[in-house]
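The values are calculated or read from the model by the stated rules, or taken from the named source; none is laboratory data. For clarity, every value in this text was computed on a predicted model and none was experimentally measured. Neighbour counts run over all protein chains shown; Cβ positions are idealised from the backbone, glycine included.
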Amino acid sequence: MTFESSLDAAHRLSVKSDLVRRVGDYRSRMLTLVQQTETALDTTRDRYGRNVHADLAAAAVARRNKTALETYTTYLASHTEELLAAAERALDVRPAARHTTGWRSVLHGLGTSASEIRRALDRPAAPGTTAEHTQHAALWPHLAAWADHALIASSLLEHHPSPQAPLTGDDQRQWTEAAAAARRRGDLDLIESWYAADGRLISLAHLIEDDDSTVIALEGTPDTTGWRVIGQFAHEYEAGRALPAPVPPGVLRADASRFTRPEPVPEVSLQELVQDVVEAQSAGDASNALLTATQRGYAAGPVIRLQELLGTTAQFAGALEAPDGQQIAVRLAALSRQLEFLATEVHDAAEDLGATVAVLPPHRTPRPRARPRPAVDTTPPTPPPRAATAAHLR
């Protein structure tokens, strides 16, 4: 390699590093912006999450949209074409994997969003007008898309040294057999796992043998077929430098976004429903608490939300595409079905409770919690004598 070509390679690496840094800075500032906006929106809602200050909420969202566009302009506006072109070239030379087609679609989508944002920047609406607010609101999904997915583009630009040669032959067979034996006796502790650029699943684990721990790397996980040990290291840092670098993990649902979450639905907490029953005096009030907890539909109650959580987590466990994940998915799905049955039973019991039209009997009298304080100019009452003193006087 000539001196000029070395300089050119160093320049390209510097440019790529700058693009990666810009993507990271943009995402970091967008995350901060979203958190600040969520805090501001919380002040516009009542205790159940209903919007009671629409003007203030609209102003907070407008500030978010404007600030996001300014942030994009500062960090990415003049670099998106270069970033996407470099990412496409890097993807062309990457080994084919299951995620390659999806990543190309992501890059194409980022390009479309960049074009929409550029069009608006070239023809901005008059500052402070309704047209500007409308324009910024229309751009928010595109700005959010870059915050959500630009890491995929920047990961293609990151430079990673070539990994060391994996274990081969007898060494690989011996370490794989040792890892299998350690797993059978419960001495193989998984640390983390990730996917490499070629689609391989890499896992790190502590192999414990004779009170000594060794870090090993697996291709696959112990619950998959055909797994094998591909490396043995003194510590995790050494393993990280020697193994293939991780690529950004996938998502459960393709349309999920940290930056464009749906508006929260008004809901009553279980804690508040318990307190409602504690304070209730009629069967109807206690019945309403249970009916609220098991309500379905838009304003679903917490029991139904828990069922939804179990079902969604079951989908997540299944999407991990690992045998252990599949088993856990089956367990969670079964629990979700049990909770659905339980919710129906609770709802029926609540209706029966309300039908009793009963009230608590008056002999269940309240106990005042506030006690009168003595007047300032009065002498405190004399405390009763201790038991030992009374016995002595007798």
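For the condition surrounded by fewer than 17 Cβ atoms within 10 Å (Cβ to Cβ), within 23 Å of V61 (Cβ to Cβ) and among the hydrophobic types (A, V, I, L, M, F, W, C), what is the one hit in A125, A85?
It is A125.
Residue by residue through segment 202-211, note down the ones that are more than 17 Å from Q174 (Cα to Cα) and surrounded by fewer than 17 Cβ atoms within 10 Å (Cβ to Cβ).
Matches in segment 202-211: D211 only.
Among the listed residues L91, L56, which satisfies the condition of being outside the structural domain of D198 (by TED's automatic domain parsing) and closer than 30 Å to L13 by Cβ?
L91
Just one of (1) touching a residue at least 12 places away in the same chain (Cβ under 8 Å); (2) closer than 30 Å to A114 by Cβ; (3) of a type outside the set (K, R) trips up T134, so point out which.
Of the numbered conditions (1) touching a residue at least 12 places away in the same chain (Cβ under 8 Å); (2) closer than 30 Å to A114 by Cβ; (3) of a type outside the set (K, R), the odd one out for T134 is (1).
Mind counting the residues in segment 64-98 that are at pLDDT below 95 and under 25 Å from the mean Cα position of the chain (by Cα)?
Of the residues in that region, 1 qualify.
Please go through segment 184-193 and pick out each residue that is closer than 19 Å to L320 by Cβ and surrounded by fewer than 17 Cβ atoms within 10 Å (Cβ to Cβ).
The answer is D189, L190, I191, E192.
Suppose we filter segment 272-311 for residues that are farther than 19 Å from R364 by Cα, among the hydroxyl-bearing types (S, T, Y) and in contact (Cβ under 8 Å) with a residue 60 or more places away in the chain; how many remain?
The number of residues fulfilling the criteria is 1.
Restricting the first residue to segment 169-184 and requiring it to be under 19 Å from L204 (Cβ atoms) and touching a residue at least 40 places away in the same chain (Cβ under 8 Å), which pairs with a second residue that is surrounded by 13 or more Cβ atoms within 10 Å (Cβ to Cβ) and among the polar types (S, T, N, Q) meet a Cβ separation below 7 Å and a spacing of at least six or different chains?
Pairs that qualify, where the first residue is under 19 Å from L204 (Cβ atoms) and touching a residue at least 40 places away in the same chain (Cβ under 8 Å) and the partner is surrounded by 13 or more Cβ atoms within 10 Å (Cβ to Cβ) and among the polar types (S, T, N, Q), are W175/Q232.
Could you list, in sequence order, the residues of segment 198-229 that are in contact with a strand residue (DSSP E or B) (Cβ under 8 Å, 6 or more places away or on another chain), among the polar types (S, T, N, Q) and within 25 Å of H99 (Cβ to Cβ)?
Of everything in segment 198-229, those that are in contact with a strand residue (DSSP E or B) (Cβ under 8 Å, 6 or more places away or on another chain), among the polar types (S, T, N, Q) and within 25 Å of H99 (Cβ to Cβ) turn out to be S203, T221, T224.
How many residues, within segment 268-284, are part of a helix (DSSP H, G or I) and of a type in the set (G, A, S)?
Qualifying residue count, segment 268-284: 2.
On the basis of being surrounded by 13 or more Cβ atoms within 10 Å (Cβ to Cβ), in contact with a Leu (Cβ under 7 Å, 6 or more places away or on another chain) and modelled with pLDDT of 90 or more, does A286 make the cut?
Yes; evaluated as a whole, the condition is true for this residue.
Which one of these is hydroxyl-bearing (S, T, Y) and within 30 Å of L156 (Cβ to Cβ): T294, T260?
So the residue among T294, T260 that is hydroxyl-bearing (S, T, Y) and within 30 Å of L156 (Cβ to Cβ) is T260.
Where the second residue is part of a helix (DSSP H, G or I) and the first is among the aliphatic types (A, V, I, L, M) and lies in segment 347-368, which pairs have Cβ atoms under 6 Å and are six or more apart or on separate chains?
A350/S287; A350/L290; A350/L291; L353/A283; L353/S287; A358/A283
Kindly provide the set of residues from segment 85-95 that are without any contact (Cβ under 8 Å) to a residue 24 or more places away in the chain and of a type in the set (A, V, I, L, M, F, W, C), ordered by number.
Of everything in segment 85-95, those that are without any contact (Cβ under 8 Å) to a residue 24 or more places away in the chain and of a type in the set (A, V, I, L, M, F, W, C) turn out to be A85, V93.
Tell me, which residue of segment 136-181 that is under 30 Å from H79 (Cα atoms) and aromatic (F, W, Y) is surrounded by the most Cβ atoms within 10 Å (Cβ to Cβ)?
It comes out as W146.
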